Amino acid sequence: MSRVLHPYAPNDWATLHFGGASLGDKRRTERLLDIGRTIAQTPGDSLPSLFSNWSHLKGVYRFFDCPDVTPEKVQATHRRQVHEEMREVGAAGKLRPVLLLEDTTDLSYRRRTSISDLEPAGDRLSAKMQGFKMHSVFAVRQTEAKVSGKERHAVEVLGLAHQEFHTTKARPVEEREMEKKSKGAAQRMAALRERESRLWIRSGATLGDAPSNPTVRWVRVADRGADIYEYLQDCQRRHHGFVVRSSHDRLIVNPSNREPEGHVQTHARTLQALGQFDLKLNARPPRKNRPATPARTARLSVSAARVCLASPRRTGKKLNGGEPIPCSVVRVWEPHPPEGIPPLEWFLLCDQPVETFEAARECAQQYATRWVIEEFHKALKTGLGAENIQLESGKRLMTAVAVMAVVAVRLVALRELILAEPDAPAERIGLSSLALTVLSARLDRPLPTVRAAVMGLGQLGGHLGRVRDGFPGWLTLYRGWRKLSELTQGVELARRERELLGERRARPAPEPISSRPVQSPGMSPPKRPQSPPSGLLRILSSPESTASSSRLLSPLFRDRELLLM
């Protein structure tokens, strides 16, 4: 990348990602900078703990409630930075694939009283559980480095290319009643209603057409929720590549005469394997239709073929009445799973021709990168506590989550950087020179590279760093980031107190003799009242100020000279 998109210093980071927001008043932009800077400095804390002053906190509430402050406007500067990076031309004519990881997640809130402008959420649509859906397009740039132990490329995190919030509404009673009389009329009513599937189609309009430069390629990577005919059609119209997991056993046709030739998943199961590769799978919790599975390394086979998908039946259109979609189907499956564990099987729809094992494996690797957006959702919900915000309206909640989402990108970017550029200079992770010095002094060892600095942050967060432990996860790095922020603030505070002490120790110029008051014989001169120093000033003004301040401010520092820099 040509620049650091995720600098460590909260002031620099907030200015880069929120500084150009147009909110109708420059004071609102300043408020946004303050909110973003504060959340980035101590991520995960509640709003009252972040803004302990009531007037300050009230201003934050007013900001989230302002009609001119929307999630789109809050993220406008960040998205503009991401779109510029997405269109960056590869060096020396080298292809630079940009993977647009796309997914929808639910954010749920349980309150004693209902939240205005939100609908019931959850499987049972409980009145006590309300929420909304968040559809995100998470942009990353694929690198040549491979993630150790996983079948995917390391990536450079760019950020959020698009994000939209959607409130799910229950199916209208009129539509259910109409379905009893006429299924066609009910389908026409459903077509006019706002539906979750349209989130996938609208994201393409925000992204725009892909660059015509051959060194830049956009690939939209999504799970089964994106297996929508209109979505795939929109990708081809905008020259977006796609790797989408198939959800429906769609009809395939002959591209010349549109005669049916079977179904895509059934056809893929008849293909011969092109080769095999190993894939490390994480443990998965149980779900409604799937038991829990332990972590394991699976031996997978892969096959591929070129197919042409028929258009589905739509309101006013019959089956196979629209333009067919030419694509490749890649089947990834586990021929010999462990006993008692259901076999893994993916059907991937890819826009590119796939004729060799290397091409099929590349398609599977790009789909495996989709897990990064799941880490983003985890960082937002678990790390930053987006579902714990105590706000009283859906509009306030969505705006607050929009700010937190940009902070979550910052956390995920740090984790991926060690995988993409482990031997780059340590400054590449965005740490300030002071923060790197503090981290190095705390660990009592030099930190020349990204690998060393990130492993150091992980050690602060509790990572043991044993041979088989691998790299620290984003949650461990998040804990280390917070601790380093506190240590750095302590050093800055000590420096300011030392400067203040130096000013107070400076002797004033002697007064002229003529201006001194005449004292009566036998009387002692008047003493000047002095207020006792408080806090750090009292410690730093003692005879052993250097050693005492070092021990109090940071008992973990082995290098006490750090406080005197």
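The values are calculated or read from the model by the stated rules, or taken from the named source; none is laboratory data. This structure is a prediction, so every number in the text was calculated from the model and none was measured. Note that each Cβ is placed from the backbone with ideal geometry, even for glycine, and that neighbours are counted across all protein chains shown. Note: areas computed on protein heavy atoms with side chains; ligands, DNA, RNA excluded. Shrake-Rupley method; radii C 1.70, N 1.55, O 1.52, S 1.80 Å.
Suppose we keep only residues that are hydrophobic (A, V, I, L, M, F, W, C) and in a loop (DSSP other than H, G, I, E, B) within the range 329-358. Which one would you say is nearest to Arg217 (Cα to Cα)?
This residue is Val354.
Does Arg224 count as basic (Lys, Arg), modelled with pLDDT of 95 or more and under 19 Å from His135 (Cα atoms)? It would help to see each step written out before you state the result.
Numbers: basic (Lys, Arg): yes; modelled with pLDDT of 95 or more: no; under 19 Å from His135 (Cα atoms): yes.
Taking the combined requirement at face value, the residue does not satisfy it.
Please count how many residues of the range 190-247 are at positive phi and either open to solvent by 60 Å² or more (accessible area, probe 1.4 Å) or not small (Gly, Ala, Ser) (or both).
Going through the range 190-247 one residue at a time, the tally reaches 1.
Yes or no: the range 365-382 includes at least one residue that is open to solvent by 10 Å² or more (accessible area, probe 1.4 Å), farther than 29 Å from Leu251 by Cα, of a type in the set (S, T, N, Q) and not in a loop (DSSP other than H, G, I, E, B).
Among the residues of the range 365-382, at least one is open to solvent by 10 Å² or more (accessible area, probe 1.4 Å), farther than 29 Å from Leu251 by Cα, of a type in the set (S, T, N, Q) and not in a loop (DSSP other than H, G, I, E, B), which makes the answer yes.
Looking at (1) under 29 Å from Ile228 (Cα atoms); (2) open to solvent by 10 Å² or more (accessible area, probe 1.4 Å), find the lone condition where Leu107 falls short.
(2)
With the checklist (1) surrounded by 14 or more Cβ atoms within 10 Å (Cβ to Cβ); (2) over 36 Å from the mean Cα position of the chain (by Cα) in hand, flag the one item Pro260 doesn't pass.
(1)
Inside the range 450-551, counting only helices (runs of 4 or more DSSP H) that do not spill past its ends, which hold 1 or more residues that are open to solvent by less than 100 Å² (accessible area, probe 1.4 Å) and modelled with pLDDT under 55?
On the way: elements: 450-460, 474-505, 536-540.
Counting at least 1 such residues, we get 536-540.
Give me a count of the residues in the range 198-235 that are assigned to a helix (DSSP H, G or I) and among the charged types (D, E, K, R).
So the count comes out to 5.
Looking only at residues that are surrounded by 12 or more Cβ atoms within 10 Å (Cβ to Cβ) and in contact with a helix residue (DSSP H, G or I) (Cβ under 9 Å, 6 or more places away or on another chain) in the range 277-290, which one is nearest to Ser301 (Cα to Cα)?
Within the range 277-290, the match that is nearest to Ser301 (Cα to Cα) is Phe277.
Looking at the range 477-488, I want the residues that are more than 23 Å from Leu419 (Cα to Cα) and have a partner that is among the aliphatic types (A, V, I, L, M) and in a helix (DSSP H, G or I) with Cβ atoms under 7 Å, at least 6 apart or on another chain. Which pairs are those?
Leu487/Val438; Thr488/Leu434; Thr488/Ala435; Thr488/Val438
Taking Gly204 as the residue in question, decide whether it is more than 30 Å from Lys94 (Cα to Cα), among the small types (Gly, Ala, Ser) and touching a helix residue (DSSP H, G or I) at 6+ places or on another chain (Cβ under 8 Å).
No: the conditions fail for Gly204.
Looking at (1) modelled with pLDDT under 90; (2) among the hydrophobic types (A, V, I, L, M, F, W, C); (3) under 30 Å from Ala364 (Cβ atoms), find the lone condition where Trp200 falls short.
Result: Trp200 passes all but (1).
Scanning the range 73-102 for residues that are without any contact (Cβ under 8 Å) to a residue 60 or more places away in the chain and exposed (fewer than 14 other Cβ atoms within 10 Å of the Cβ), which turns out nearest to Val137 (Cα to Cα)?
Top of the filtered list is Glu84.
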